[in-house]
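Engineer: Take this structure first; my questions come after.
The values are calculated or read from the model by the stated rules, or taken from the named source; none is laboratory data. This is a predicted model, so every value here is computed, not measured. All Cβ positions, even for glycine, are placed from backbone atoms using ideal geometry, and neighbour counts span all protein chains on display.
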């Protein structure tokens, strides 16, 4: 009997010890991280808070996301920018986009300034294998491309979406040409399938080092092109055709997400992988008010993409790291205020990195919130929508504190009681309004010193030329930011590129109507590509009867005659080191001068 009691006590002691160790392993970030976690960050484009099944959307089919949500910790009060590039800039730097020249989506103001330190920079310096797949949208020229910003492996389309002006000619989501570390490469298949397939293959090859994979999807951003089978899933749903395409794109990416998670689990990498799913702004097409009838679902939020109300910037956020206990078993959800700018400092802490930011961060380490250890009820954050040439104070602003929102400086909402932001209670809480506006005023002053445009160098290492596209023209006038507008040739904005000459000498400027890879003459008429119910076509391309070209850099003007049946006009001149405002125009027989869409710059 004595031996039995001793044996029982020993077993009981071992049981308590094992429970204590398990608890410590799950929750204590001070434990030594012997093996650094992998990181997979999936961010979709234009998918809003209500565009998932796990937020109550009864129409959309997202079974893999719903399963992930059931197993992950969810941040239900998570915020990003209200449009594409601002969200990506904030996520990767921990700094609001007004500080780093990514406050717009076009017009030279979606280029992440070169001095900014990115999440990929930090992780690469700490021994991570870094990769990105999909949408970059923070600069198409050196030194702004993903491979220049800490990503050792990068596969991406040009501009802010497939088929935009900097993208490869005639890309339309299927069988496209994308850029691998800057070099064009042809792929077969639907773009979202390609991004996931390439990401999975890359991850499978990571055996010896921890990896960071940034899977930044362009779906479900327009054009809303989707394979017929995914469009057909919603054939009988009470949605517009546009919404059926949009939902089909989300179901396709959900299917691919399931494949990625399955692979991570099969390879044994899942438990020690920080897996994050989020989106970049509110819904673009999840809600329709066509002919006075509302269709779709926005989870009760006010506003959509581009809005300073929560529907524009409150998005889904799921995070899983089973090895540290960040799962639904420990914390199912957390409603603390967290934002995209928090990811860099938070991941640095979670991964045990020695990280000291080089610049002031708007974000902060929120790892304790993910582990349920502390609350941050008093913190405030700002989100706004600029989308202009220079940030303007109080423009489309929102100050956030917990569930309080100060919108436009004079509208106050408490989302804990008024989720749809219908009742402005500013008159009832003047002290709250003042405190939040005071925070905004101080924050704004802190951002002004950081505001400046990015300069595009006219030479790049290991490159024979530099291609400028009208997508990055500084202008307040309408810009042909996608290839359909390029084809139409109707817009003629006045503006300039801010460029830098780092090597003095002779330069050649080849002025193109169509992109160089198209091999089309300046006066070529390009055939229309017809639309289908599940796919957008492209307009007929209109040629120009060009007789000459001109390039101006500050007060220096170069010009040359041209022949319309050529692909381009070459204009040459000598430049000294310095910063220039560069403009380039065609002279056309029956019109005034019009801006060239593409400028290929060659240092002789």
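Engineer: Under 8 Å between Cβ atoms, which residue pairs at least 6 apart in sequence (or on different chains) link something in the range 41-57 that is closer than 11 Å to residue 279 by Cα with a partner that is at pLDDT below 95 and not in a strand (DSSP E or B)?
Structural biologist: none
Engineer: Does residue 387 count as part of a loop (DSSP other than H, G, I, E, B) and either more than 25 Å from residue 363 (Cβ to Cβ) or within 26 Å of the chain's Cα centre (by Cα) (or both)?
Structural biologist: Yes, satisfied.
Engineer: In this structure, does residue 448 turn out to be surrounded by fewer than 17 Cβ atoms within 10 Å (Cβ to Cβ), modelled with pLDDT of 95 or more and under 23 Å from residue 496 (Cα atoms)?
Structural biologist: yes
Engineer: Considering only residues that are touching a helix residue (DSSP H, G or I) at 6+ places or on another chain (Cβ under 6 Å) and not in a helix (DSSP H, G or I), look in the range 234-247 and name the one that is farthest from residue 58 (Cα to Cα).
Structural biologist: 240
Engineer: Do we have residue 361 as crowded, with 17+ Cβ neighbours inside 10 Å, outside any helix (DSSP H, G or I) and modelled with pLDDT of 95 or more here? Write out each step before concluding.
Structural biologist: On the way: crowded, with 17+ Cβ neighbours inside 10 Å: yes; outside any helix (DSSP H, G or I): yes; modelled with pLDDT of 95 or more: yes.
Answer is yes for this residue.
Engineer: Hey, any hits in the range 412-428 for a residue that's touching a residue at least 60 places away in the same chain (Cβ under 8 Å), buried (at least 17 other Cβ atoms within 10 Å of the Cβ) and not assigned by TED's automatic domain parsing to the domain that holds residue 580?
Structural biologist: Yes, there is a match, as at least one residue in the range 412-428 is touching a residue at least 60 places away in the same chain (Cβ under 8 Å), buried (at least 17 other Cβ atoms within 10 Å of the Cβ) and not assigned by TED's automatic domain parsing to the domain that holds residue 580.
Engineer: Test each condition in (1) in contact (Cβ under 8 Å) with a residue 24 or more places away in the chain; (2) part of a loop (DSSP other than H, G, I, E, B); (3) surrounded by fewer than 18 Cβ atoms within 10 Å (Cβ to Cβ) for residue 579 and report the one that comes out false.
Structural biologist: Single failed check for residue 579: (2).
Engineer: Continuing with this model, one more query. Hey, does the range 240-247 have a residue that's within 16 Å of residue 65 (Cβ to Cβ) and assigned by TED's automatic domain parsing to the domain that holds residue 161? Full working, then the answer.
Structural biologist: Step one: filter the range 240-247 for residues within 16 Å of residue 65 (Cβ to Cβ), giving 246-247.
With assigned by TED's automatic domain parsing to the domain that holds residue 161 added as a condition, the list becomes 246-247.
Within the range 240-247, one or more residues are within 16 Å of residue 65 (Cβ to Cβ) and assigned by TED's automatic domain parsing to the domain that holds residue 161.
Engineer: Here is a further query. Considering only residues that are out of contact with any strand residue (DSSP E or B) (no Cβ under 6 Å at 6 or more places or on another chain) and surrounded by 18 or more Cβ atoms within 10 Å (Cβ to Cβ), look in the range 370-400 and name the one that is farthest from residue 427 (Cα to Cα).
Structural biologist: Step by step, filter the range 370-400, then rank; the result is 371.
Engineer: Would you confirm whether or not the range 248-261 contains a residue that is surrounded by fewer than 21 Cβ atoms within 10 Å (Cβ to Cβ), in contact with a helix residue (DSSP H, G or I) (Cβ under 9 Å, 6 or more places away or on another chain), part of a loop (DSSP other than H, G, I, E, B) and at pLDDT 95 or above?
Structural biologist: Among the residues of the range 248-261, not one is surrounded by fewer than 21 Cβ atoms within 10 Å (Cβ to Cβ), in contact with a helix residue (DSSP H, G or I) (Cβ under 9 Å, 6 or more places away or on another chain), part of a loop (DSSP other than H, G, I, E, B) and at pLDDT 95 or above, which makes the answer no.
Engineer: Does residue 305 meet the test of being within 22 Å of the chain's Cα centre (by Cα), in the same structural domain as residue 75 (by TED's automatic domain parsing) and part of a loop (DSSP other than H, G, I, E, B)?
Structural biologist: yes
Engineer: Next question, about the same structure. Among the listed residues 26, 71, which satisfies the condition of being at pLDDT below 95 and over 14 Å from the mean Cα position of the chain (by Cα)?
Structural biologist: Only one candidate qualifies: 26.
Engineer: While we're looking at this one, here's another question. Among the residues of the range 261-293, count how many are touching a strand residue (DSSP E or B) at 6+ places or on another chain (Cβ under 7 Å) and closer than 21 Å to residue 313 by Cβ.
Structural biologist: 8
Engineer: Search the range 520-539 for residues that are at positive phi and in the same structural domain as residue 589 (by TED's automatic domain parsing) and pair each with any residue that is at pLDDT 95 or above and surrounded by 16 or more Cβ atoms within 10 Å (Cβ to Cβ) when their beta-carbon atoms are under 6 Å apart and the residues are at least 6 apart or on different chains.
Structural biologist: Close Cβ pairs (under 6 Å, with a partner that is at pLDDT 95 or above and surrounded by 16 or more Cβ atoms within 10 Å (Cβ to Cβ)) do not exist here.
Engineer: On to the next question. How many residues does the range 475-501 contain that are assigned to a loop (DSSP other than H, G, I, E, B) and either surrounded by 21 or more Cβ atoms within 10 Å (Cβ to Cβ) or in the same structural domain as residue 104 (by TED's automatic domain parsing) (or both)?
Structural biologist: The qualifying residues number 3.
Engineer: Can I ask one more? Being closer than 15 Å to residue 255 by Cα and either in contact with a strand residue (DSSP E or B) (Cβ under 6 Å, 6 or more places away or on another chain) or not assigned by TED's automatic domain parsing to the domain that holds residue 252 (or both) is the filter here; which residues of the range 199-211 pass it?
Structural biologist: At the first step, the residues of the range 199-211 found to be closer than 15 Å to residue 255 by Cα are 199-200.
Hit for the range 199-211 is 199, nothing else.
Engineer: Let me ask something else. Take the conditions touching a residue at least 12 places away in the same chain (Cβ under 8 Å), more than 21 Å from the chain's Cα centre (by Cα) and buried (at least 18 other Cβ atoms within 10 Å of the Cβ) and apply them to residue 223. Does it pass?
Structural biologist: Taking the combined requirement at face value, the residue does not satisfy it.
Engineer: Answer with yes or no whether residue 311 is closer than 17 Å to residue 50 by Cα and outside any helix (DSSP H, G or I).
Structural biologist: Here the answer is no, as residue 311 does not meet what is asked.
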